[in-house]
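The values are calculated or read from the model by the stated rules, or taken from the named source; none is laboratory data. Please read these numbers as outputs of a predicted model, since none were measured by experiment. Cβ coordinates were reconstructed from backbone atoms using ideal geometry, including for glycine residues, and neighbour counts include every protein chain displayed. Heads up: the accessible areas ignore ligands, DNA and RNA and are worked out on the full protein's heavy atoms, side chains in. Shrake-Rupley method; radii C 1.70, N 1.55, O 1.52, S 1.80 Å.
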Amino acid sequence: MSTQRLRDEDYRDYSSTDASPEESPSEGLNNFSSSGSYMRFGESNSTTWFQTLIHLLKSNIGTGLLGLPLAVKNAGILMGPLSLLVIGLVAVHCMSILVKCAHRFCYRLNKPFVDYGDTVMYGLEASPVSWLRNHAHWGRHIVDFFLIVTQLGFCCIYFVFLADNFKQVIEMANGTTSNCHNNETVILTPTMDSRLYMLTFLPFMVLLVFVRNLRALSIFSLLANITMAVSLVMIYQFTVQNIPDPSHLPLVASWKTYPLFFGTAIFAFEGIGMVLPLENKMKDPKKFSLILYVGMTIVTALYISLGILGYLQFGANIQGSITLNLPNCWLYQSVKLLYSVGIFFTYALQFYVPAEIIIPFFVARGPEHCELVIDLSVRTVLVCLTCILAILIPRLDLVISLVGSVSSSALALIIPPLLEITTYYSEGMSPITIVKDALISILGFMGFVVGTCLTLYELVQPSSAPIIINSTSAFV
């Protein structure tokens, strides 16, 4: 991707790592009906319904899934799954609101496509409040800000995830066996601090993000998908075996830990940024609503099942990522390494979104002959920033909860309901719809405030958790 294209091109909402600028729809391939909806004729390189479903699934499955067993522990074996179901339903409803409002503005403005930021900006322009209309451009800036925070937060989480898993594999290497069923006492071989592992990964991450063309990253995306899919199958295969008696697990956990559950859960469900790009790329976008509901039903079932099974299998010993609880045998150690490889390559894909927003700002203000130097320098600084933040917050569970509470709450729960009100209020809305939207936004805002405050409080507290190796090993 040339920096000149970055200089000249407006940012499109590419939270979906498969939505590239080169694949944006042509202006001439759109047709608007008089009924208030719109129809686009599919291009030859548009995605089928099955490809869109696969993209939707893989865009929602990552490190957040692996942290859900601990999230269920923070809510309770009964309250956790029920809350996951409710949050999933609300998140999908907010996705559908965003799609509906985007369609509305496409029809009103005769545009083929509007992204998340455009939709919020146009929604503020349609507001009956003059102050909001006069400051509508801030809608795009707010969305861009939270997209940057979310995506760079993902990158921070990847640093912590890689460090924790590689550190555990290396320290347990001398005691790793081929028997995955016998209980063993594992003597750890002390190695360097996990933060030094993060610094070790830093130069490799910098080299990875120097690949600036999203199409060139597709090979890495395919490799990441394969390794993570194989790892998930192996994780499920282990968690369903010999589940202990769950009678000692609390049905409802302490209210003090519930905000941590909320942050992790909404982090896992934060896929709203890729909804519009995926819908825009479909050959038959009229089917997208059905695909959205089917795909998110599968995602929600996956989240709830792994959250329940992981907590049932490991109980109070569950860690920030379920991979850290896997047995000390070569089979499951390889699962950790496979998933880590997938996460490593996914870093570049998640990094693409903030890079597309931030780099043009600096490139446009520098001399033209230094564009490449500025581009690579900004990339290096951003990667170093994510590494520094990961070093400052080296606890995987708290990083996930913090990112979920701060940015995912805003993008997935707070903004969409308010957008529906500003978009349709002047046309007339039922009081029930207004109350519903207000309640969802209040729920998201409460999660934002309480979850962020509690996570920050936990961060300043010394960790008192025991050092646990896995379910087939004794405490150290």
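Just need a number here: residues in region 120-130 that are open to solvent by less than 20 Å² (accessible area, probe 1.4 Å) and out of contact with any Cys (no Cβ under 9 Å at 6 or more places or on another chain). Let's see the steps before the verdict.
Going residue by residue through region 120-130, those that are open to solvent by less than 20 Å² (accessible area, probe 1.4 Å) are 120, 123, 127.
Applying the additional criterion that residues be out of contact with any Cys (no Cβ under 9 Å at 6 or more places or on another chain) yields 127.
Residues flagged as open to solvent by less than 20 Å² (accessible area, probe 1.4 Å) and out of contact with any Cys (no Cβ under 9 Å at 6 or more places or on another chain) within region 120-130 amount to 1.
From N213, N225, which residue is touching a helix residue (DSSP H, G or I) at 6+ places or on another chain (Cβ under 7 Å), modelled with pLDDT under 85 and open to solvent by 50 Å² or more (accessible area, probe 1.4 Å)?
Numbers: N213 fails: touching a helix residue (DSSP H, G or I) at 6+ places or on another chain (Cβ under 7 Å).
Only one candidate passes the filter, namely N225.
Does N317 satisfy the criteria of being over 22 Å from L65 (Cβ atoms) and more than 17 Å from the chain's Cα centre (by Cα)? Spell out how you get there, then give the answer.
Values: over 22 Å from L65 (Cβ atoms): no; more than 17 Å from the chain's Cα centre (by Cα): yes.
No.
Any idea which residue in region 342-359 is surrounded by the fewest Cβ atoms within 10 Å (Cβ to Cβ), counting only those that are of a type in the set (A, V, I, L, M) and within 18 Å of V206 (Cβ to Cβ)? Write out each step before concluding.
First pass over region 342-359, keeping only residues of a type in the set (A, V, I, L, M): 343, 348-349, 353, 355, 357-359.
With the extra rule that they be within 18 Å of V206 (Cβ to Cβ), the set shrinks to 343, 348-349, 353, 355, 358-359.
Numbers: I343: 25, A348: 25, L349: 21, V353: 25, A355: 24, I358: 18, I359: 23.
Residue satisfying both the conditions and the ranking: I358.
When region 244-278 is examined, which residues are found to be surrounded by 13 or more Cβ atoms within 10 Å (Cβ to Cβ) and in a loop (DSSP other than H, G, I, E, B)?
If the condition is that a residue be surrounded by 13 or more Cβ atoms within 10 Å (Cβ to Cβ) and in a loop (DSSP other than H, G, I, E, B), then L249, P250, V252, A253, T257, F269, E270, G271 are the ones that fit.
For R133, indicate whether it is touching an Asp or Glu at 6+ places or on another chain (Cβ under 7 Å), at pLDDT below 95, open to solvent by 30 Å² or more (accessible area, probe 1.4 Å) and more than 20 Å from G271 (Cα to Cα).
Details: touching an Asp or Glu at 6+ places or on another chain (Cβ under 7 Å): yes; at pLDDT below 95: yes; open to solvent by 30 Å² or more (accessible area, probe 1.4 Å): yes; more than 20 Å from G271 (Cα to Cα): yes.
So R133 passes the test.
Regarding G117, is this residue open to solvent by less than 10 Å² (accessible area, probe 1.4 Å) and over 24 Å from V399 (Cβ atoms)? Give the derivation first.
On the way: open to solvent by less than 10 Å² (accessible area, probe 1.4 Å): yes; over 24 Å from V399 (Cβ atoms): yes.
When the stated conditions are applied, G117 passes them.
Quick check on Q313: is it in a helix (DSSP H, G or I), open to solvent by less than 20 Å² (accessible area, probe 1.4 Å) and modelled with pLDDT of 85 or more?
Working: in a helix (DSSP H, G or I): yes; open to solvent by less than 20 Å² (accessible area, probe 1.4 Å): no; modelled with pLDDT of 85 or more: yes.
Judged against the criteria, Q313 is not a match.
Which one of these does A301 not meet: (1) farther than 22 Å from A75 by Cβ; (2) without any contact (Cβ under 8 Å) to a residue 12 or more places away in the chain?
(1)
Can you list residue pairs whose Cβ atoms sit under 6 Å apart, with the first residue in region 245-256 being of a type in the set (A, V, I, L, M, F, W, C) and the second being open to solvent by 60 Å² or more (accessible area, probe 1.4 Å)? Count only pairs 6 or more apart in sequence or on different chains.
L251/L78; V252/M79
Considering only region 320-334, how many residues are aliphatic (A, V, I, L, M), surrounded by fewer than 24 Cβ atoms within 10 Å (Cβ to Cβ) and more than 21 Å from the chain's Cα centre (by Cα)?
Keep residues of region 320-334 that are aliphatic (A, V, I, L, M), which gives 322, 324, 326, 331.
Within this subset, residues satisfying the condition of being surrounded by fewer than 24 Cβ atoms within 10 Å (Cβ to Cβ) are 324, 331.
Among the residues that remain, those that are also more than 21 Å from the chain's Cα centre (by Cα) are: 331.
Counting residues in region 320-334 that are aliphatic (A, V, I, L, M), surrounded by fewer than 24 Cβ atoms within 10 Å (Cβ to Cβ) and more than 21 Å from the chain's Cα centre (by Cα) gives 1.
Could you tell me which numbered condition K73 fails, if it satisfies all but one of (1) surrounded by 24 or more Cβ atoms within 10 Å (Cβ to Cβ); (2) in contact with a Leu (Cβ under 7 Å, 6 or more places away or on another chain)?
(2)
Restricting the first residue to region 322-336 and requiring it to be over 22 Å from S305 (Cβ atoms), which pairs with a second residue that is open to solvent by less than 10 Å² (accessible area, probe 1.4 Å) meet a Cβ separation below 6 Å and a spacing of at least six or different chains?
N328/M172; N328/V186; N328/N470
Determine which member of the set G42, G36 is touching a His at 6+ places or on another chain (Cβ under 9 Å), open to solvent by less than 50 Å² (accessible area, probe 1.4 Å), at pLDDT below 90 and not in a helix (DSSP H, G or I). Write out each step before concluding.
On the way: G42 fails: touching a His at 6+ places or on another chain (Cβ under 9 Å).
Being touching a His at 6+ places or on another chain (Cβ under 9 Å), open to solvent by less than 50 Å² (accessible area, probe 1.4 Å), at pLDDT below 90 and not in a helix (DSSP H, G or I) holds for just one of G42, G36, which is G36.
Any idea how many residues of region 96-112 are open to solvent by less than 20 Å² (accessible area, probe 1.4 Å) and more than 13 Å from L418 (Cα to Cα)?
Keep residues of region 96-112 that are open to solvent by less than 20 Å² (accessible area, probe 1.4 Å), which gives 97-99, 101-102, 105-106, 112.
Keeping just the survivors that are more than 13 Å from L418 (Cα to Cα) gives 99, 102, 105-106, 112.
So the count comes out to 5.
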